[in-house]
Structure formats: C-alpha cells, structure tokens
Amino acid sequence: MDVTALRRLWHRLRTTPRERPDLMTHGDLIPGNVLLADGRLVGVLDTGGFGPADPALDLVAAWHLLGDDAREAFRAALDCDDTEWNRGKAWAFEQAIGAAWYYQNTNPDMHEMGMTTLSRLLESE
C-alpha cells in the first residue's frame, strides 16, 4: 500500500462537511452482503444493522462493488454532489482500511475487498 498517498487521501476525506441529517441506512453494503442474479441486485443480506446514520454511508457500495464506469453511472443516477460523494468515499476508506488490515491473515476475501477498495479510492483522485 502507498501509505503516503493513503494518509493524504484520508486527511482530505475526513474533513468533508456533513450537510444531511441521519436517514435509514444499511451501512455495510460490501460484496458479501449483496445478492446478484444476471448482473442485477436481487437481495441484501445482514440487515440487522439498519438504522439512522449518515446517508453517505450507503455510498460505500460504489467503491466496494463497482468498477469505474458502473460507479459513475451509480453516482449520476443518485445525483450525488461532491460533498456527499466524498463523504461516501470517506466511509468506504474507513471500512476498507480496517478490512485490509484486520483480515490480512484470517479472511483473504475480505482482505482483498479492502485492498481493491483502497486502490479504487486512490485511482479516483
């Protein structure tokens, strides 16, 4: 990992202002919690964490699940402004850095998800 670039990114993202009130969110839209069939979302797992939170928290799906083109289509469909999008990036960063570190030796799939998300975040800068 490019620690210097990650530090710079986190420093910028963590100061993104919050403009929207709490809404109902899932909070953990990662590959293991979504079900796809024929390239379409057909279900969401791990719904025990639904609750009020920063609405940008659910934007983590853009970074954990989608490549560049799909991520841009997702953002356009949701009509996210830069502030909301950057808050979603910050939440994705927080989850990804934890997964990459915590699961490094115990859960290769979660570790890889974290590393992939961090790469996507860095490439988006």
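The values are calculated or read from the model by the stated rules, or taken from the named source; none is laboratory data. Nothing here was measured: the structure is a model prediction, and the numbers come from that model. Cβ coordinates were reconstructed from backbone atoms using ideal geometry, including for glycine residues, and neighbour counts include every protein chain displayed.
Please find, within the range 88-125, the residue that is nearest to the chain's Cα centre (by Cα) out of those that are outside any helix (DSSP H, G or I) and closer than 28 Å to Arg20 by Cα. Lay out the reasoning, then the answer.
Of the residues in the range 88-125, the ones outside any helix (DSSP H, G or I) are 103-107, 124-125.
Restricting the remaining residues to those that are closer than 28 Å to Arg20 by Cα gives 124-125.
Numbers: Ser124: 13, Glu125: 15 Å.
Per the stated criteria, the residue is Ser124.
Hey, among the residues in the range 110-125 that are of a type outside the set (Val, Ile, Thr) and within 15 Å of Leu29 (Cα to Cα), which one's surrounded by the most Cβ atoms within 10 Å (Cβ to Cβ)? Let's see the steps before the verdict.
Here is the first cut: in the range 110-125, the ones of a type outside the set (Val, Ile, Thr) are 110-115, 118-125.
Narrowing further to those that are within 15 Å of Leu29 (Cα to Cα): 110, 113-114.
Values: Met110: 18, Met113: 22, Gly114: 26.
Ranking the candidates gives Gly114 first.
Let's see how each residue does on (1) modelled with pLDDT under 95; (2) under 27 Å from Thr4 (Cβ atoms); (3) touching a strand residue (DSSP E or B) at 6+ places or on another chain (Cβ under 9 Å):
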position: Arg40; (1), (2), (3): yes, no, no
position: Thr47; (1), (2), (3): yes, no, no
position: Asp58; (1), (2), (3): yes, no, yes
position: Leu78; (1), (2), (3): yes, no, no
position: Ala92; (1), (2), (3): no, yes, no
position: Ala99; (1), (2), (3): no, yes, no
position: Glu112; (1), (2), (3): no, yes, no
position: Leu118; (1), (2), (3): no, yes, no
position: Glu123; (1), (2), (3): no, yes, no
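Within the range 68-80, is there a residue that is of a type outside the set (Phe, Trp, Tyr) and within 18 Å of Asn33 (Cβ to Cβ)? Step through it out loud before you land on a result.
Residues of the range 68-80 of a type outside the set (Phe, Trp, Tyr): 68-73, 75-80.
Imposing the further condition that a residue be within 18 Å of Asn33 (Cβ to Cβ) reduces the set to 70-71.
Scanning the range 68-80 turns up at least one residue that is of a type outside the set (Phe, Trp, Tyr) and within 18 Å of Asn33 (Cβ to Cβ).
Can you confirm whether Leu36 is part of a helix (DSSP H, G or I) and aliphatic (A, V, I, L, M)?
Here the answer is no, as Leu36 does not meet what is asked.
Quick check on the range 20-36. Is at least one of its residues β-branched (Val, Ile, Thr), surrounded by 19 or more Cβ atoms within 10 Å (Cβ to Cβ) and either within 19 Å of Thr116 (Cβ to Cβ) or touching an Asp or Glu at 6+ places or on another chain (Cβ under 7 Å) (or both)? Before you say what the answer is, go through the steps one by one.
Initially, the range 20-36 is screened for residues β-branched (Val, Ile, Thr), giving 25, 30, 34.
Narrowing the set further to residues that are surrounded by 19 or more Cβ atoms within 10 Å (Cβ to Cβ) leaves 25, 30.
Restricting the remaining residues to those that are either within 19 Å of Thr116 (Cβ to Cβ) or touching an Asp or Glu at 6+ places or on another chain (Cβ under 7 Å) (or both) gives 25, 30.
Scanning the range 20-36, I find at least one residue that is β-branched (Val, Ile, Thr), surrounded by 19 or more Cβ atoms within 10 Å (Cβ to Cβ) and either within 19 Å of Thr116 (Cβ to Cβ) or touching an Asp or Glu at 6+ places or on another chain (Cβ under 7 Å) (or both), so the answer is yes.
Pairs, please: C-beta under 8 Å, at least 6 apart or cross-chain, first residue in contact (Cβ under 8 Å) with a residue 24 or more places away in the chain and outside any loop (DSSP other than H, G, I, E, B) and in the range 72-85, second surrounded by 12 or more Cβ atoms within 10 Å (Cβ to Cβ) and β-branched (Val, Ile, Thr)?
These pairs meet every condition: Thr83/Thr16.
Looking at Trp101, Trp85, Trp91, which one is at negative phi and loosely packed, with under 14 Cβ neighbours inside 10 Å?
On the way: Trp85 fails: loosely packed, with under 14 Cβ neighbours inside 10 Å; Trp91 fails: loosely packed, with under 14 Cβ neighbours inside 10 Å.
From the options Trp101, Trp85, Trp91, the qualifying one is Trp101.
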